[in-house]
Amino acid sequence: MLKLGILVSGGGTNLQAILDAIASGRIRNACVSVVISNNRGAYALERAAAAGVKGRCISPKDYENRDLFYQALLQELQENGVDLVVLAGFLVGIPPMIVNAYENRIINIHPSLIPSFCGTGYYGLRVHEAALQRGVKVTGATVHFVDTGTDTGPIILQKAVEIREDDTPQSLQRRVMEQAEWQILPEAVSLIAQGRIEVNNGKVRIKP
Ligand code: GAR
């Protein structure tokens, strides 16, 4: 059984997609060991409680410095026996110390087709504002492994979403979530739980 540690900062709809996929059997061989938020008010923590899953808040505000915060985060993951860390709308950077402890065992959902609209400063609604600003016709979402860069790790799954002429950042964000994120994030977890993901030379191969 693959033990998941899900890191969140906000609404937690991607967390919900994983919880639902486990409940429905779409994800097998995986369970959520802990949900950790950097933000005490995150609605995602209520979703965890409603699903009967352990929720924790580890906030940088409660620590003297960033290193102590990251140490507490890593310790919480390890104490819960987490095998796979899922960044599900976690808007805090992951330092090399944690990346190295969980090499190719941290995945992130990003709301664009990487390498477009990603990297420092591209998160949440800003990604969709940038896509509309540039006038691209297609956007989407990407699940990738986390390395020491920002949105630079091996790509696991991507799904495209068409942009409409009357889209606002909000309508586009919603459609990218519905049509892409809530599908490919649980799917990636399921593939990893089935042992079907292999990483070679920075590229992912999905085993049949
Ligand atoms: C999602 O759209 C996710 O892709 C994005 O934050 C949102 C969280 O929503 N993540 C990033 O932008 C990471 N760079 P949620 O809390 O409802 O899952």
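Brief remarks follow.
- Residues of the range 171-208 that turn out to be over 18 Å from ILE109 (Cβ atoms) and part of a helix (DSSP H, G or I), as a count: 1
- Considered as a group, the residues in the range 28-63 that are in a loop (DSSP other than H, G, I, E, B) and more than 16 Å from the ligand (Cβ to nearest atom) include one that is farthest from VAL189 (Cα to Cα), and that residue is TYR63.
- Spans of strands (runs of 3 or more DSSP E) in the range 80-149 with at least 3 residues at negative phi and touching a Ser or Thr at 6+ places or on another chain (Cβ under 8 Å): 138-145
- The range 171-202, subset more than 24 Å from LEU7 (Cβ to Cβ) and within 12 Å of the ligand (Cβ to nearest atom), residue least open to solvent (accessible area, probe 1.4 Å): LEU172
- Check on THR148, hydroxyl-bearing (Ser, Thr, Tyr) and open to solvent by 20 Å² or more (accessible area, probe 1.4 Å): yes
- Of the set (1) of a type outside the set (Asp, Glu); (2) in contact (Cβ under 8 Å) with a residue 24 or more places away in the chain; (3) within 13 Å of the ligand (Cβ to nearest atom), all apply to VAL161 but (2).
- Among the residues making up the range 128-144, those that are open to solvent by 10 Å² or more (accessible area, probe 1.4 Å) and out of contact with any strand residue (DSSP E or B) (no Cβ under 6 Å at 6 or more places or on another chain) are GLU129, ALA130, LEU132, GLN133, ARG134, GLY135, VAL136, LYS137.
- Candidate set from the range 103-125 (those that are within 10 Å of the ligand (Cβ to nearest atom) and free of Cβ contacts under 8 Å to residues at least 24 places away in the same chain); member that is nearest to PRO154 (Cα to Cα): PHE117
- The set of residues from the range 35-56 being open to solvent by less than 80 Å² (accessible area, probe 1.4 Å) and within 19 Å of PRO95 (Cβ to Cβ) comprises ILE36, SER37, ASN38, ASN39.
- Of the residues screened, ARG205 is not one that is open to solvent by less than 30 Å² (accessible area, probe 1.4 Å), over 16 Å from the mean Cα position of the chain (by Cα) and free of Cβ contacts under 8 Å to residues at least 60 places away in the same chain.
- Matching residues, the range 43-68, being under 21 Å from GLY124 (Cβ atoms) and out of contact with any Leu (no Cβ under 8 Å at 6 or more places or on another chain): TYR43, LEU45, GLU46, SER59, PRO60, LYS61
- Residues of the range 1-16 that turn out to be surrounded by fewer than 23 Cβ atoms within 10 Å (Cβ to Cβ) and either away from the ligand (no atom under 15 Å from the Cβ) or aliphatic (A, V, I, L, M) (or both), as a count: 3
The values are calculated or read from the model by the stated rules, or taken from the named source; none is laboratory data. These figures come from a predicted structure and were not determined experimentally. Note that we place each Cβ from the backbone using ideal geometry, even for glycine, and neighbour counts take in every protein chain shown. Areas reflect the complete protein model, heavy atoms only, side chains present, ligands, DNA and RNA absent. Shrake-Rupley method; radii C 1.70, N 1.55, O 1.52, S 1.80 Å.
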